[in-house]
Each structure stands twice: as C-alpha cells, then as structure tokens.
Amino acid sequence: MKPALTPMRILGFLVLAGFAFITLFPFYWMVMTAIMPTDAILSREPSLLPDLGRVRFDAFVKVFENRPFFTWIMNSLIVATASTLLSLFVSTLAGYSLSRFSSPPQQALGATLLVSKLIPASLILIPLFIIYTNTGLFNSLAGIVLANMTIGVPLATWLMKGFFDRIPRELEQAAMIDGASQLQAMRLVILPLAKPGLAASTVYLVLTSWSEFIFARTLVDKPEVQVLTVGMQSFVGEQMVDWSMLMAAGTISVLPAIVLFIFLEPFLVSGMTKGALAGT
C-alpha cells in the first residue's frame, strides 16, 4: 500500500529536489563548459541549456593528445587502489581490535587515532618530506600511498569499529566453541556481516586517495609520477585558463567515483537500513 501524498510529503519532495539541484548543478555546468565553446560559457548572459548546434567533444580528445592524461589516470588508479586496499586491511583489523578488546592501552591507541584525524595534512607534510628524502620514498607512488594511509586509516578504523560493535559477540564465540580460532571466526563469521561497513569505508578511502592533492603535489616532482589531481593543474596558466580542457579532464576524473558508487550502492543502502532498524 502506497503512503498517502500529504502536503508534508510534497514539501519534503520539493526540499529534496532543491538539494539535489544545488548538488548536481556544479557537475552539470562542468560538463556544459567541456562541450560548449569558451566564448559561449564566458559571455555576459550564458545560456543554461546547451546550444546543440555548437556542442563539441573535441576537448575530451585534446586532453589525451596534448597532455600525458592516460599516465595521470593510471598513476591515480594505482595510488587509489593500493591506498584503499592497504588502509582497509589495517582499518579492519584495528577496528575489530578496538571493538572486541577494551584494555587501557588499546583505548588509548583508539583515542590517538581519533585525535590524529584532527591534525591537518599540511602539519605532517614537512616531517613526511624529511623522512621521504632520507629513505628514498620521494618521487615514488609508494610514498604517496603511505601518505594517503596516514589520512584514511584513522577515520576508517572508527567506521569499522562502529559496524563491528553492532554484530553480537555470541556469533564468533559460537564459532570458537566449534573449534575456530579468533581470526577464523572474524574472517568466516564477522566479516561477511560487516559488508556494509567495508563498503562505506571503501568509498571513503577511494574518494580520499583519488582526490588527494597536497601530498601528491609536494612529495613528487617528476612528471612521469604525477597523479591526475596534480596534472590537471597544468591547464591553469599564468595568463589564461583552458576551461574546456580543464572541465573535460574534470568530467573524466569523476567517472571512476560514479562507477564505484553504482557497484557499492546496494551495500551502502543495506548498511543504512540495518542502522535504522538497530536504532528502533
């Protein structure tokens, strides 16, 4: 039975539509800038709708012809994938430990992780620069991966701890009575139930590492090791900005995030539903 369409529900839909419009309009305008001539976008009265007779997609071709765009994308994919997998592995074990064991040293370590999240990335940049210079990690993708982990692991650990707290301990205790070790009980019983948490943490870690700029800009100066966020800076010159190519590159750069969300959306919705039921 469908719920009645009351004035409050209509008002709610209108408010949500307004938020959706405000959220999606920058992305729409980015695509518009990529496919329309620059003089049409920068005119005094730009049209909100594309002039179909002037739509062109040559900017999407030029970003690959005039820049090492494919190399930037591959570097970003390598960094995002490695950062996400390593951070997710560490965060899952750390979150499980904080959820199941409550000794004072572990609680202090958990609080330290939370406090470290409050430290801006710019403050740890100088220590990382000195360490990387002395250890040979400067100008390497591995260095960017490790730097991204310092940002992603603290919050992902607390995200996973929250999901582990919702899973009854009796489930793993029953598995251990049947002969499983603690790690086997975690791997075979707990982790399948924590898929929504793993999905949420994965989305957070991928988006964090994919869009990261400060570490990639400071800890790398070789063009062949640059990632997408740093390479896109080359479209901004001292005298002018190549808006069409910059926006075309921006449009391409968000596609992996959209694909990732489409694949993980069922797990995220499942997690939010379980959270709502747990609160009733």
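On the given criteria, is residue 176 more than 23 Å from residue 252 (Cα to Cα), out of contact with any Phe, Trp or Tyr (no Cβ under 7 Å at 6 or more places or on another chain) and assigned to a helix (DSSP H, G or I)? Criteria met by residue 176. Return yes or no: is residue 94 open to solvent by less than 70 Å² (accessible area, probe 1.4 Å), at pLDDT below 90 and assigned to a helix (DSSP H, G or I)? Spelling it out, it is not the case that residue 94 is open to solvent by less than 70 Å² (accessible area, probe 1.4 Å), at pLDDT below 90 and assigned to a helix (DSSP H, G or I). Residue under question is residue 77, and the condition is that it be open to solvent by 30 Å² or more (accessible area, probe 1.4 Å), at pLDDT 90 or above and over 30 Å from residue 221 (Cα atoms); does it hold? It is false that residue 77 is open to solvent by 30 Å² or more (accessible area, probe 1.4 Å), at pLDDT 90 or above and over 30 Å from residue 221 (Cα atoms). Taking the range 1-85 and the helices (runs of 4 or more DSSP H) fully enclosed by it, the elements with 1 or more residues that are more than 32 Å from the chain's Cα centre (by Cα) are at 7-35, 38-41. Applying the selection to the range 190-202, what residues are in a helix (DSSP H, G or I) and buried (at least 18 other Cβ atoms within 10 Å of the Cβ)? Within the range 190-202, 190, 196, 197, 198, 199, 200, 201, 202 meet the criteria. Note on the range 99-151: residues that are open to solvent by 80 Å² or more (accessible area, probe 1.4 Å) and either in contact (Cβ under 8 Å) with a residue 40 or more places away in the chain or touching a strand residue (DSSP E or B) at 6+ places or on another chain (Cβ under 9 Å) (or both) total 2.
Results for (1) within 30 Å of residue 50 (Cβ to Cβ); (2) modelled with pLDDT under 90; (3) open to solvent by less than 40 Å² (accessible area, probe 1.4 Å), shown as yes or no for each residue.
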{"residue": "211", "(1), (2), (3)": "yes, no, no"}
{"residue": "218", "(1), (2), (3)": "no, no, no"}
{"residue": "226", "(1), (2), (3)": "no, no, no"}
{"residue": "232", "(1), (2), (3)": "yes, no, yes"}
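Within the range 18-35, residues that are closer than 12 Å to residue 248 by Cα have Cβ atoms under 8 Å from residues that are open to solvent by 60 Å² or more (accessible area, probe 1.4 Å) and in a helix (DSSP H, G or I) in these pairs: 33/243, counting only partners at least 6 apart in sequence or on another chain.
Taking (1) among the hydrophobic types (A, V, I, L, M, F, W, C); (2) closer than 28 Å to residue 225 by Cα; (3) open to solvent by 50 Å² or more (accessible area, probe 1.4 Å) in turn, residue 24 satisfies each apart from (2).
The values are calculated or read from the model by the stated rules, or taken from the named source; none is laboratory data. Here the structure is a predicted model, which is why all the values come from computation and not from measurement. Here the Cβ is made from the backbone with ideal geometry for all residues, glycine too, and neighbour counts use every protein chain on show. SASA here: full protein model, heavy atoms, side chains in, ligands and nucleic acids out. Shrake-Rupley method; radii C 1.70, N 1.55, O 1.52, S 1.80 Å.
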